[in-house]
1. Name the single residue, out of those in the stretch 1-21 being farther than 21 Å from Q78 by Cβ and assigned to a helix (DSSP H, G or I), that is most open to solvent (accessible area, probe 1.4 Å).
2. Residues of the stretch 12-32 being more than 12 Å from A61 (Cβ to Cβ) and of a type in the set (G, A, S), which ones?
3. Would you please name the residue that is farthest from R81 (Cα to Cα), looking only at residues in the stretch 22-59 that are open to solvent by less than 70 Å² (accessible area, probe 1.4 Å) and of a type in the set (D, E)?
Amino acid sequence: RTWVSASLPELVILDLLLPKVSGFELLEEWRASPRTADLPVFVLTSKDLTQDEEKYLHAHAESLLRKKESWQQALTKQLRRVMGRGYAVKE
């Protein structure tokens, strides 16, 4: 939890189903902090989402990917988009 705000990674791949805290809580905290408000967060989850949860994620995360679907290519494409041309992402 504090690791992200302390170390400020270039991006985060977040699962919503975590053992001690909700991924929604983390995302809300990061968006509320000026230091992490613009941190690119990619949600990769197997959670069945309500319509409201999906709307929230589309508004506050870079991308929403589902583990049930083929997500690897979509994630790679989104990472390239966010990181720019100077950053190589291995497939």
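1. Checking each candidate, the answer is W3.
2. Scanning the stretch 12-32 gives S22, A32.
3. Per the criteria, the residue is E53.
The values are calculated or read from the model by the stated rules, or taken from the named source; none is laboratory data. Just so you know, these numbers come straight off a predicted model, no measurement behind them. In this analysis, Cβ positions are derived from the backbone assuming ideal geometry, glycine residues included, and neighbour counts consider all displayed protein chains. The protein model used for the area step is the full one, side chains on, heavy atoms only, and it has no ligands, DNA or RNA in it. Shrake-Rupley method; radii C 1.70, N 1.55, O 1.52, S 1.80 Å.
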